[in-house]
1. Do we have any residue at all in the range 39-57 that's free of Cβ contacts under 8 Å to residues at least 24 places away in the same chain and touching an Asp or Glu at 6+ places or on another chain (Cβ under 7 Å)?
2. Of the residues E29, E63, which single one is more than 17 Å from K108 (Cβ to Cβ), surrounded by fewer than 16 Cβ atoms within 10 Å (Cβ to Cβ) and at pLDDT 95 or above?
3. Does at least one position in the range 14-29 carry a residue that is charged (D, E, K, R) and in contact (Cβ under 8 Å) with a residue 24 or more places away in the chain?
4. Does the range 58-102 hold any residues that are within 25 Å of L2 (Cβ to Cβ) and without any contact (Cβ under 8 Å) to a residue 24 or more places away in the chain, and which are they?
5. Which residue is farthest from the ligand (Cβ to nearest atom), if the candidates are limited to the range 9-20 and must be in contact with a helix residue (DSSP H, G or I) (Cβ under 7 Å, 6 or more places away or on another chain) and not aliphatic (A, V, I, L, M)?
6. When you go through D36, D6 one by one, which is the residue that is within 11 Å of the ligand (Cβ to nearest atom), under 23 Å from the mean Cα position of the chain (by Cα) and either without any contact (Cβ under 8 Å) to a residue 40 or more places away in the chain or surrounded by 13 or more Cβ atoms within 10 Å (Cβ to Cβ) (or both)?
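The values are calculated or read from the model by the stated rules, or taken from the named source; none is laboratory data. All of these numbers come straight from a predicted model, not from anything done at the bench. Cβ sites come from the backbone with ideal geometry, for glycine too, and all protein chains shown count toward neighbours.
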Amino acid sequence: MLWKCDVCGFIHDGDQAPEKCPKCGAPKEKFKQLSDEQKELVLKSRRTNDLHMKLFSLLEKIESISTEGKDLNLDPGCVAIFGQAKDFAAVTRQKIKAELETHMHKGKWG
Ligand SMILES: [Zn+2]
């Protein structure tokens, strides 16, 4: 079961609500049990957010590999490939940041 603190939004996993919120200290009564539908959304969101963060780390690697490849400047073909990969990684990282920001405001972060 998932329980959400009404005061700060902290989500607790367990058979019952905690005695007090680990984050804000609100008492047990401030916790509401999430419905099955809300629980499913939280679990799916957690997994999706984890995947976004994994992808974000990989994109950081792509950016650093591409920068090194571009700087070596072997020939125009190589520089073009590394440049495109670097741009793709940078833009996709920014897209992920924007998407995660919307998740935080739409109950898709928990
Ligand atoms: Zn709280």
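1. Among the residues of the range 39-57, not one is free of Cβ contacts under 8 Å to residues at least 24 places away in the same chain and touching an Asp or Glu at 6+ places or on another chain (Cβ under 7 Å), which makes the answer no.
2. Selected residue: E29, the only one of E29, E63 that is more than 17 Å from K108 (Cβ to Cβ), surrounded by fewer than 16 Cβ atoms within 10 Å (Cβ to Cβ) and at pLDDT 95 or above.
3. Looking for residues that are charged (D, E, K, R) and in contact (Cβ under 8 Å) with a residue 24 or more places away in the chain, one finds none in the range 14-29, hence no.
4. E101, T102
5. In the first step, residues of the range 9-20 are kept if they are in contact with a helix residue (DSSP H, G or I) (Cβ under 7 Å, 6 or more places away or on another chain); the result is 11, 17-20.
Narrowing the set further to residues that are not aliphatic (A, V, I, L, M) leaves 18-20.
Details: P18: 9, E19: 12, K20: 8 Å.
Among them, the one singled out is E19.
6. On the way: D36 fails: within 11 Å of the ligand (Cβ to nearest atom).
It is D6.
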